[in-house]
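What follows is a short report on a single structure.
The values are calculated or read from the model by the stated rules, or taken from the named source; none is laboratory data. Here the structure is a predicted model, which is why all the values come from computation and not from measurement. Note: ideal-geometry Cβ built from the backbone for every residue, glycine included; neighbour counts use all protein chains shown. Side chains included, ligands, DNA and RNA excluded: accessible areas come from the protein's heavy atoms. Shrake-Rupley method; radii C 1.70, N 1.55, O 1.52, S 1.80 Å.
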Amino acid sequence: MRINRQKKVHRYLSFYANNFGFRKPFQILIDGTFCHTALKERINLSDQLPNYLDNEVKMLTTPCAIIETEKLGPAVYGAMLILKQFAVHKCGHTEPIPAAACFKTMLRKKNKNRYMIATQDRELQSRVRMIPGTPLLFIYRKAPILEPPSPATVIASNKKMQQSIVLSEAERKNLEIAKESLLGPQQPMIKRKKKKAKGPNPLSCKKKKKDANKSKASNAKKGKSQ
Ligand SMILES: [Zn+2]
């Protein structure tokens, strides 16, 4: 089971690397909800996240996410302490906003900075799924999970692939032009005529025995008349 899970993670990560330019160390933006659940499930994120992703990772958060946990008080005190261990990426919000809103602005429409998002916030999770090329991590059954690429992500990667095919089509035309200038215009291929089928398949219209006898008789008549 464990090997199977690891294989999936590798597959997803190489998908993000090939289609969206993700490179290690992978940057993971983490919010208070993720830390809170990790604490509850006794998951040591600094150990288990690099271990689960089997890669070097950079665990990050934003000033807004930290301030949110501070405001929530004693209930999430432990989560706040964990969050404060991570590197803080500037988000540019002079007035702190909720972590979910802050992360959305960090991702914008295309997640150009190639963040992974680690959150238990359902609303933020669904937003993340809509932004192509944004890996989503959450904790489920006492373990971190990297969700399979979302439909929006898969569609975006397919589009990119189609664009690259169009490009190679253009390249093919350029090549033809270059070829023509070197070798002169190419003769069009002469199409071979297709052989026409000669009537219906004789096997499919075998006459019944009676008919066969009749035709024998008529043949015989014909023979006589000749
Ligand atoms: Zn912010």
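If you look at just the Cα atoms of segment 2-150, how large are its Rg and its Dmax in Å?
14.4, 45
Can you give the convex hull volume of the alpha carbon atoms of segment 47-117 per residue, in Å³?
In segment 47-117, the Cα convex hull volume per residue is 100 Å³.
Give me the net charge of Met80's neighbourhood, meaning all other residues with Cβ under 10 Å from the Cβ of Met80; Lys, Arg count +1, Asp, Glu -1.
Net charge around Met80: 0.
Keeping all protein chains in the complex and leaving out DNA, RNA and ligands, what accessible area do you get for Glu56 with a 1.4 Å probe, in Å² to the nearest 10?
It works out to around 120 Å².
Looking at segment 53-108, how many pairs of lysines come closer than 17 Å at the Cα, when each pair is eight or more places apart or spans two chains?
Values: Lys58/Lys84; Lys58/Lys90; Lys71/Lys84; Lys90/Lys104.
Lysine pairs meeting the criterion: 4.
What does a probe at Val88 reach in segment 98-129, counting residues whose amide N is under 15 Å from the point 7 Å along Cα→Cβ?
Answer for segment 98-129: 99.
Ordering Lys40, Lys109, Lys58, Lys90 by accessible area with a probe of 1.4 Å, largest first, what comes out?
So, going from the largest accessible area down, we get Lys90, Lys109, Lys40, Lys58.
Ignoring ligands, DNA and RNA, what percent of the 1.4 Å accessible area of segment 69-185 is carbon and sulfur?
59 percent
If I compute solvent accessible area with a 1.4 Å probe over the protein chains, what percent of it on segment 1-58 is carbon and sulfur? Before the final figure, lay out each step's value.
On the way: 1620 of 3400 Å².
Taking all protein chains in place, segment 1-58 shows 48 percent carbon and sulfur surface.
Modelling each spin label as a point 7 Å along the Cα-to-Cβ direction, I'd like the Lys71/Ala101 distance in nm, to one decimal.
Between Lys71 and Ala101, the simple spin-label model gives 0.8 nm.
Based on the Kirkwood radius over alpha-carbon pairs, what value in µm²/s does the Stokes-Einstein equation return for the translational diffusion coefficient of segment 1-70 at 25 °C and 0.890 mPa s?
Working: Rh = 13.5 Å.
Answer, rounded: 182 µm²/s.
Compute, for Ser14, the solvent-accessible surface of its heavy atoms (probe 1.4 Å) with the complete set of protein chains present, and express it in square angstrom to the nearest 10.
It works out to around 50 Å².
Round to the nearest 0.05 the FRET efficiency obtained for Lys7 and Ile177 when R0 = 45 Å and r is the Cβ-Cβ distance.
For Lys7 and Ile177, the calculated efficiency is 0.50.
Can you tell me the accessible area per residue over segment 2-150, all protein chains present, probe 1.4 angstrom, in square angstrom?
On the way: 8080 Å² over 149 residues.
Spelled out: the 1.4 Å probe surface of segment 2-150, per residue, equals 54 Å².
Tell me, what is the FRET efficiency for Val154 and Leu81 to the nearest 0.05, using R0 = 25 angstrom and their Cβ-Cβ distance as r?
Computed FRET efficiency for Val154 and Leu81: 0.10.
Quick one: net charge of Phe26's neighbours, Cβ under 9 Å, K/R +1, D/E -1?
+3
Just the accessible area for Lys160, please: 1.4 Å probe, Å², rounded to the nearest 10?
Approximately 90 Å² of Lys160 is accessible to the 1.4 Å probe.
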